[in-house]
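The values are calculated or read from the model by the stated rules, or taken from the named source; none is laboratory data. Quick caveat, the model's predicted, so the values are computed rather than measured. Methodologically, a virtual Cβ is constructed for each residue, glycine included, from the backbone with ideal geometry; neighbour enumeration extends over all protein chains shown.
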Amino acid sequence: MHDLCQTVGRAKISISIRIWEISGDCLGWQILNDGSQVGRACCQSDSILAVIIHQLEFPEEVEVHRDKRWRREPDRRIEESLTAETFIEQIGFCALLTDSRRPGPSLYTAVCGRRDAHVPRNVQKDPESRLAWTIKDEAIRRGRVYYGKLRGGRSIFLSRRLIPYFNAVWGVHRNQERMVLSQSAQRILKVLRNEWEMATRDLRSASGITDRSSFNKGIDELQRVLKVIPSEVVYEPVFTYIWSLAEARFQDELTAAVSREDALREIARTYLEGAGMTFRGELARVTGLSNPEAGLGNWALVDEGFAIRLAPGIYCLKELR
């Protein structure tokens, strides 16, 4: 066994390597989802098969970079909606209530102001969860940032500058709606285009969708393609969302012409700027992109010299090298 330390700036990634002499061609890389990543690579010139095993732990320099950008510091924690909006504009996009067990920036983690934030089971009694939820409601009401559920049912905030790129990847053009959207989604969309905004119960009645599950699926589907957003949250006399057309608030951003290639590159750029370094599959898991799409975005950053590819699926900001 040989030990290899790969340096990123002043930090290091410790990688254990076992090397066997073999004959044969390159076998490529294989990634296992068991808490570690196992890569197989063959050096054809020396006929060597190297099995590289490394835990998903980032160098301290990268963690410090994330602490600063993702506000995982006590003195930079978020306590009100104006600061949250500034944070979202700076970071580009972030989740709502994810914690240290999932990668990516999160409003909840920024409210906690620490790396090891964990969402408790009973969020109603947790002051930090309640504060994150209250800030979310205020951000929805103010309408300066985009909020909705994208692929995988992820509740996510988007800055205005990122909306055109996400729309280029997940949006559906109006002339394609009949082919792409379900009947429930089309009926909901038709009502909102006449009324512009409606509460959940009224919208379900007006669309003629009596089954609550079908209605919820239709609403989620329209959120995934950036057609519908919650524009208000009402708690009295009963809890409900007010639903609106996304174009009512973000018309310029949703009509901007952006190619899919440019969108993938800019989404990857935005995440890497905040993360500093990414492991294989991280960008796809955070954004909902497919692995091939995430790879295309990261490779575009390498091609322009913005990022460095340290190993298959591992990318680092050039400035941190």
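Yes or no: Arg178 touching a residue at least 12 places away in the same chain (Cβ under 8 Å), surrounded by fewer than 16 Cβ atoms within 10 Å (Cβ to Cβ), over 21 Å from Gly104 (Cα atoms) and out of contact with any Lys or Arg (no Cβ under 6 Å at 6 or more places or on another chain)?
Values: touching a residue at least 12 places away in the same chain (Cβ under 8 Å): no; surrounded by fewer than 16 Cβ atoms within 10 Å (Cβ to Cβ): yes; over 21 Å from Gly104 (Cα atoms): yes; out of contact with any Lys or Arg (no Cβ under 6 Å at 6 or more places or on another chain): yes.
Here the answer is no, as Arg178 does not meet what is asked.
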Report yes if some residue within region 121-142 is assigned to a helix (DSSP H, G or I), under 18 Å from the mean Cα position of the chain (by Cα) and within 23 Å of Leu283 (Cα to Cα); otherwise report no.
no
Can you say whether Leu82 is surrounded by fewer than 23 Cβ atoms within 10 Å (Cβ to Cβ) and free of Cβ contacts under 8 Å to residues at least 12 places away in the same chain, as far as the supplied structure shows?
yes
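Could we say that Asp202 is among the acidic types (Asp, Glu), closer than 25 Å to Phe166 by Cβ and in a helix (DSSP H, G or I) here? Explain how you work it out, then say what you get.
Values: among the acidic types (Asp, Glu): yes; closer than 25 Å to Phe166 by Cβ: no; in a helix (DSSP H, G or I): yes.
The answer is no for Asp202.
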So is Ile156 at pLDDT below 95 and either surrounded by fewer than 21 Cβ atoms within 10 Å (Cβ to Cβ) or closer than 23 Å to Val233 by Cα (or both) or not?
yes
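Just for region 233-259: of the residues that are in contact with a Leu (Cβ under 8 Å, 6 or more places away or on another chain) and not aliphatic (A, V, I, L, M), which one is nearest to Ile219 (Cα to Cα)? Lay out the reasoning, then the answer.
Within region 233-259, the first condition is being in contact with a Leu (Cβ under 8 Å, 6 or more places away or on another chain), and the residues that meet it are 243-247, 254.
From the residues that got through so far, the ones that are not aliphatic (A, V, I, L, M) too are 243-244, 247.
Numbers: Trp243: 9, Ser244: 11, Glu247: 15 Å.
Result: Trp243.
Mind checking which helices (runs of 4 or more DSSP H) fall wholly inside region 231-321 and carry at least 3 residues that are over 20 Å from Gly152 (Cβ atoms) and more than 21 Å from the chain's Cα centre (by Cα)?
On the way: elements: 246-255, 260-275, 282-287, 291-303.
So the answer is 246-255.
Mind listing just one residue for me: the one in region 224-277 that is of a type in the set (S, T, N, Q) and free of Cβ contacts under 8 Å to residues at least 40 places away in the same chain and, of those, farthest from Ile140 (Cα to Cα)? So that I can check it myself, show each step before the final result.
To start, the set of residues in region 224-277 that are of a type in the set (S, T, N, Q) comprises 231, 240, 244, 251, 255, 259, 270.
Cutting the leftovers down to free of Cβ contacts under 8 Å to residues at least 40 places away in the same chain gives us 251, 255.
Values: Gln251: 16, Thr255: 21 Å.
If we take residues in region 224-277 being of a type in the set (S, T, N, Q) and free of Cβ contacts under 8 Å to residues at least 40 places away in the same chain, then Thr255 is farthest from Ile140 (Cα to Cα).
Can you tell me which residues in region 146-171 are hydrophobic (A, V, I, L, M, F, W, C) and touching a Lys or Arg at 6+ places or on another chain (Cβ under 7 Å)? Break it down into steps so the answer makes sense when it comes.
Pass one, region 146-171, residues hydrophobic (A, V, I, L, M, F, W, C): 150, 156-158, 162-163, 166, 168-170.
Leu150, Ala168, Val169, Trp170, listed by residue number.
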For region 181-217, name all the residues that are surrounded by 14 or more Cβ atoms within 10 Å (Cβ to Cβ), of a type in the set (S, T, N, Q) and either within 18 Å of Gly148 (Cβ to Cβ) or touching a helix residue (DSSP H, G or I) at 6+ places or on another chain (Cβ under 9 Å) (or both).
Ser184, Gln186, Thr200, Ser207, Ser214, Asn216
Would you check which residues across region 85-116 are in contact (Cβ under 8 Å) with a residue 40 or more places away in the chain and among the aliphatic types (A, V, I, L, M) and list them?
Ile88, Ile91, Ala95, Leu96, Leu97, Leu107, Ala110
Within the group Asp303, Asp220, which residue is over 30 Å from Lys68 (Cα atoms) and surrounded by fewer than 17 Cβ atoms within 10 Å (Cβ to Cβ)?
Asp220
